[in-house]
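The values are calculated or read from the model by the stated rules, or taken from the named source; none is laboratory data. Owing to the predicted nature of the structure, the values given are computational and were not obtained by experimental measurement. Neighbour counts run over all protein chains shown; Cβ positions are idealised from the backbone, glycine included. SASA here: full protein model, heavy atoms, side chains in, ligands and nucleic acids out. Shrake-Rupley method; radii C 1.70, N 1.55, O 1.52, S 1.80 Å.
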Amino acid sequence: MSLDLRRFYVREVLSGLGLTATHFFRNMGRHVAHALGASRTGAVTIQYPEERRPYSPRLRSLHRLVRREDGSPRCVACMMCETVCPAHCIYIVADEHPNPEIEKVPRRFDIDLGKCVFCGYCVEACPEDAIRMDTGILEFSSYSRGGMIYSKEMLLSLEAAGADGRPRSPIPIPADRKA
């Protein structure tokens, strides 16, 4: 019988610890050099609240409703986004539009972000290009389920993100949450 050193696991544990220590000290050296200004590129770690990593321009962020030139919502309450949504998180109630050229307008347009899976199907299905997911807002939370339901007025108040991907709209804070 030959003695197999792998059965004792000591050699494997020491090998793993050596690999972990190598990466730890290499990244620590990069971080210290970056903090002292000796290097332009630092460790892989991003200091999150102060530093933001660049996001893809195609990133699906918080929804918004687009307005027409007259300020009314572009949505014609065709129910396509509500129908195609796999999470069933969109709720629309249609009403007559004052302009006879436009058939309908949403009286109520709610999105429950607690259920939303951010798939983007609602954006793709909309024939009027009335709903978009380009606000750049990724940090939204609430202490209750009701605070995660965004109404038509909240969705109309949001704007598209800037060219750098940063949000131009203030992050909406639900009524039940204190700053």
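Observations on the structure shown:
- Residue within region 50-70 that is basic (Lys, Arg) and surrounded by fewer than 13 Cβ atoms within 10 Å (Cβ to Cβ) present: yes
- Selection of region 145-154 for residues being open to solvent by less than 50 Å² (accessible area, probe 1.4 Å) and over 9 Å from ILE111 (Cα atoms) yields only GLY147.
- Checked against (1) under 24 Å from PRO54 (Cα atoms); (2) modelled with pLDDT of 90 or more; (3) among the aliphatic types (A, V, I, L, M); (4) open to solvent by 70 Å² or more (accessible area, probe 1.4 Å), ALA163 passes all but condition (2).
- Residue among VAL117, VAL105 that alone is surrounded by fewer than 16 Cβ atoms within 10 Å (Cβ to Cβ), among the β-branched types (Val, Ile, Thr) and without any contact (Cβ under 8 Å) to a residue 40 or more places away in the chain: VAL117
- Enumeration of residues in region 57-98 that are touching a residue at least 60 places away in the same chain (Cβ under 8 Å) and not β-branched (Val, Ile, Thr): PRO57, LEU59, ARG60, SER61, LEU62, HIS63, ARG64, LEU65, ARG67, PRO73
- Test: residue in region 17-37 that is open to solvent by 90 Å² or more (accessible area, probe 1.4 Å), outside any helix (DSSP H, G or I) and at pLDDT 80 or above: yes
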